[in-house]
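The values are calculated or read from the model by the stated rules, or taken from the named source; none is laboratory data. From a predicted model like this one, the values you see are computed outputs, not experimental measurements. Positions of Cβ are generated from backbone atoms using ideal geometry, with glycine treated the same way; all protein chains shown enter the neighbour counts.
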Amino acid sequence: MSHPGHPISMLDDADQEANPHLAAARADERMRCAQIFAHGMNIGATVYAGCLAFDSEMPADDAIALLDGLHTVEHVRV
């Protein structure tokens with residue numbers, strides 16, 4: 001989620017205060033990342049979770065399902 005030409009993380013507080021939609025989008029993105037990373041920590045897949053949370057725009061539910069699938073494969077392989 002980003003403002004055309006400006007990643008949300010690059011916008012300063014004044015920009016966000018001037019546009020509540022940007023502030024809401026940034027809060028949504030933080031929540032998405034937190035959900036993915038927290039789930040990855042819970043199942044011992046922090047590296048994968050970090051990649052999905054911070055290097056993709058995958059929705060949290062999809063990323064969590066992917067992490068669960070990877071976690072299952074890792075346990076079967078061991």
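When you scan the range 27-36, do you find a residue that is polar (S, T, N, Q), surrounded by 13 or more Cβ atoms within 10 Å (Cβ to Cβ) and modelled with pLDDT of 90 or more, even just one? Scanning the range 27-36 turns up at least one residue that is polar (S, T, N, Q), surrounded by 13 or more Cβ atoms within 10 Å (Cβ to Cβ) and modelled with pLDDT of 90 or more. The single residue among LEU22, LEU67 that is modelled with pLDDT of 70 or more and touching a Gly at 6+ places or on another chain (Cβ under 7 Å) turns out to be LEU67. How many residues does the range 42-65 contain that are acidic (Asp, Glu) and touching a residue at least 12 places away in the same chain (Cβ under 8 Å)? So the answer is 1.
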